[in-house]
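Please read the structure below before turning to the comments.
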Amino acid sequence: SNLPDGKLPIESTKNELVWGCVKVGKVVTKEFLLRNRTSKTLRIQCSLSTQEFKIRKDNRSDSDPLTACKFVLHGHESRPLILSFMPTKIGAAVDELRFAPLDSNLTQNKKQCVRLWGFGGFVNIEYRNTFRDNTGKFWLSFGRMDNRPLLEQTLTVINTGNLPAFVLIKLLPKHLVSTVNLKVEPNLFVLVPNEEQVVNISYSPTSKDVK
């Protein structure tokens, strides 16, 4: 028999799952809820078509990764579905978790799925000529003012990841420094893997600074 509207009477809390960038060989897990919208019991199978994404029985790291599974949803029951992204190479990964009835007598003529998106690879930004405090913040010293009209310093930004990095340096005003007199050049740039960029920073102290 045909399913109503040619679809399983299910709904999910997500239409798509997006992992972003994940280091090759690392496993990152996400989950969503699938709900039976009717009072009838549904027997469902779900499947994947690529090796980068896997279905998990639970959140344990040693649970078996699966490309397909079968389960039952009782009337109005909700069930969590757990998926892992395990990139095997650098680059984009796309798949669909497709749902279908296990009952061969039911005809499904509309695709039902949750789309999956991920990217194998990572960005890692490091800084040179700065020091880090015990809270994790980086600091750049301009040295002593000594009535100097212009304070200048440089820092080097390095991408040690294996994907290009988009770098934006924003100025956040603090009570000790006026951002009007603080210049950062360049403040927006791209770093390919293992590339570095020297950033020039200058500050013109105000009369308040030298008091």
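Figures for the structure shown
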| quantity | calculated |
| --- | --- |
| Flag for residue 121 being among the small types (Gly, Ala, Ser) and surrounded by 15 or more Cβ atoms within 10 Å (Cβ to Cβ) | yes |
| Segment 90-128: number of residues that are basic (Lys, Arg) and in a loop (DSSP other than H, G, I, E, B) | 2 |
| Check on residue 148, within 27 Å of residue 26 (Cβ to Cβ) and open to solvent by 90 Å² or more (accessible area, probe 1.4 Å) | no |
| Selection count, segment 158-178, where residues are outside any loop (DSSP other than H, G, I, E, B), of a type in the set (Val, Ile, Thr) and at pLDDT 95 or above | 2 |
| Segment 1-27, residues that are in contact with a strand residue (DSSP E or B) (Cβ under 6 Å, 6 or more places away or on another chain), under 30 Å from residue 91 (Cα atoms) and not in a loop (DSSP other than H, G, I, E, B) | 12, 16, 17, 18, 19, 21, 22 |
| Residue within segment 77-87 that is at negative phi, in contact with a Phe, Trp or Tyr (Cβ under 9 Å, 6 or more places away or on another chain) and part of a loop (DSSP other than H, G, I, E, B) present | yes |
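The values are calculated or read from the model by the stated rules, or taken from the named source; none is laboratory data. For clarity, every value in this text was computed on a predicted model and none was experimentally measured. Don't worry about glycine lacking a Cβ; one is built from the backbone with ideal geometry, like all the others, and counts go over all protein chains shown. SASA here: full protein model, heavy atoms, side chains in, ligands and nucleic acids out. Shrake-Rupley method; radii C 1.70, N 1.55, O 1.52, S 1.80 Å.
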